[in-house]
Amino acid sequence: MTVACDSAGAEAAAPWIRRASPTHPSLIDRRHRVAELYNQVNVPTAVWIDEDGRIVRPPEPPGTFDGFRRMDRQSFKLPEDVRQEYSRRNRVYADALRDWAHRGEASEFALAAAQVEERQPAASPEARRAAACFRLGEYLAENGRFEEGAPWLEEAIRLRPESWNFFRQKLALGQPEAAGGPEFWRRVDELGQQAYYPPVRMPGLDG
Amino acid sequence: MVTILTPNGETRVENAVVEGEELWIPLAALENATGWEWSEDGLCRDQLCVPLPAPDELLREEHGSRSLNYAAFARHRGEPLLRGANGDVWSQVERGESSAAAGLQAPDFELPDVDGHRHRLSQYRGSKVFLVTWASW
């Protein structure tokens, strides 16, 4: 099941969904509700849920990593070793997913309850308030009142500075290409040695 | 006409009255608008009932029916409503108690697909779900 954190709605997400010709539900989440419920701050993020509705892998990047930071910002090309690493990591993650699909809780990749609890991102009053600010900003932007909504989007970002979703969505609402533009790259560069994506704690990836 | 944004959606309340930072909602419209049901014991939601702190201040009668100052109630709860723009849109903060994020159960949600058909996560019980959030941006 995919969920598009896209405040511009189906119009923005549909071209990508149609290209993928999915056989799975592809949902549209303008107000970033799923990110709030699961305490997610970036995309893509994956969660594994078993047949009883229990989380067996809490939010993590589905194999992806910070390789994009070595992209040539003019040509958008990745160095060959980075491209190969993306391929490798995607393969490892997909193999793990298939292992779980076939073997269920016997799969080493399905985590025990204690491990899930340990890896769960924490909720907080600031995050809940940030989400309510984001909803208000998004509603106003969605209804042609972007100037009234922008301060609320900014407040969401201020309350939850770790959320790349809020930061990039606000840029995109102002101008679609901006989420991958100079302001985005400036903020990425400000990370310095810090990670954009957290490590994927899986054998074959980041441990 | 006032719009209230809840974590799961939005409702329009026709006879709501905005007075500065205060938002008065007719009791008859309260549950639909906010999820809180009024009773003589106070306001109730899920398994929780909260007695009204100062009923004389939070309730008033207008044109034969009673209204609640929902903004004041939310402040009393420690989760003030966000008042947008000229008071025509308000946003509710999710209650801490209802957050399932710390537990093992995957929180439920309902969202539309590209064709507008609505799906709930819980309707896929019985299948494994690989839930991925992404964005066109």
Q | Residue that is nearest to A:Arg168 (Cα to Cα) [pool: residues in region A:20-30 that are facing chain B (nearest Cβ under 8 Å) and not in a loop (DSSP other than H, G, I, E, B)] | A | A:Ile28
Q) Taking interchain pairs and intrachain pairs at least six residues apart, which have beta carbon atoms under 7 angstrom, with the first residue in region A:65-94 and aromatic (Phe, Trp, Tyr) and the second assigned to a helix (DSSP H, G or I)? A) A:Phe65/A:Arg89; A:Tyr86/A:Gly67
Q.
What are the pairs with Cβ atoms under 9 angstrom where one residue, in region B:124-137, is within 7 Å of another protein chain (Cβ to nearest Cβ) and the other, located anywhere, is assigned to a strand (DSSP E or B) and among the small types (Gly, Ala, Ser)? Sequence gap at least six, or different chains.
A. B:Phe130/A:Ala46; B:Leu131/A:Ala46; B:Val132/A:Ala46; B:Thr133/A:Ala4; B:Thr133/A:Ala46; B:Trp134/A:Ala4; B:Ala135/A:Ala4; B:Ser136/A:Ala4
Q) Pick from region B:111-123 the residues that are within 7 Å of chain A (Cβ to nearest Cβ) and under 28 Å from A:Leu171 (Cβ atoms): which of them is surrounded by the fewest Cβ atoms within 10 Å (Cβ to Cβ)? A) B:Pro112
Q: Would you mind finding the one in B:Gly20, B:Gly87, B:Gly96 that is in contact with a helix residue (DSSP H, G or I) (Cβ under 7 Å, 6 or more places away or on another chain) and under 30 Å from A:Pro151 (Cα atoms)?
A: B:Gly96
(Q) Looking at region A:127-137 only, could you name the residues that are at the interface with another protein chain (Cβ under 8 Å from one of its Cβ atoms) and in contact (Cβ under 8 Å) with a residue 60 or more places away in the chain? (A) A:Arg128, A:Ala131, A:Arg135
Q) Has region B:51-66 got any residue that is hydrophobic (A, V, I, L, M, F, W, C) and under 24 Å from A:Phe166 (Cα atoms)? A) no
Q) Taking region A:141-156 as the region of interest, how many residues are surrounded by 23 or more Cβ atoms within 10 Å (Cβ to Cβ), without any contact (Cβ under 8 Å) to a residue 40 or more places away in the chain and either over 18 Å from the mean Cα position of the chain (by Cα) or more than 11 Å from every other protein chain (Cβ to nearest Cβ) (or both)? A) 3
Q. Taking the stated definitions as given, is A:Gln175 of a type in the set (S, T, N, Q), more than 17 Å from the chain's Cα centre (by Cα) and away from chain B (no Cβ under 13 Å)?
A. no
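To keep it simple, each residue is scored yes or no on (1) at the interface with chain B (Cβ under 10 Å from one of its Cβ atoms); (2) of a type in the set (Gly, Ala, Ser); (3) surrounded by fewer than 20 Cβ atoms within 10 Å (Cβ to Cβ).
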residue	(1), (2), (3)
A:Ala35	yes, yes, no
A:Trp48	yes, no, no
A:Arg54	yes, no, yes
A:Tyr86	no, no, yes
A:Gly104	yes, yes, yes
A:Pro125	yes, no, yes
Q) Does A:Ile17 count as assigned to a helix (DSSP H, G or I), buried (at least 17 other Cβ atoms within 10 Å of the Cβ) and facing chain B (nearest Cβ under 9 Å)? A) yes
Q | Residues located in region A:157-181, provided they are part of a helix (DSSP H, G or I), touching a residue at least 40 places away in the same chain (Cβ under 8 Å) and within 19 Å of A:Thr45 (Cβ to Cβ) | A | A:Trp164, A:Asn165, A:Phe166, A:Gln169, A:Ala172
Q: Might you check whether a residue that is part of a strand (DSSP E or B) and within 10 Å of another protein chain (Cβ to nearest Cβ) occurs anywhere in region B:66-80?
A: no
Q) Which of the residues belonging to region B:12-41 are in a strand (DSSP E or B), surrounded by fewer than 17 Cβ atoms within 10 Å (Cβ to Cβ) and either without any contact (Cβ under 8 Å) to a residue 40 or more places away in the chain or of a type in the set (A, V, I, L, M) (or both)? A) B:Arg12, B:Val17, B:Val18, B:Glu19, B:Glu37, B:Ser39
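Here, each number is a calculation from the coordinates, and none is a lab measurement. Predicted, not measured: the structure shown is a model, and the values here were computed from it. Reconstructed Cβ throughout: ideal geometry from the backbone, glycine too, with neighbour counts over all protein chains shown.
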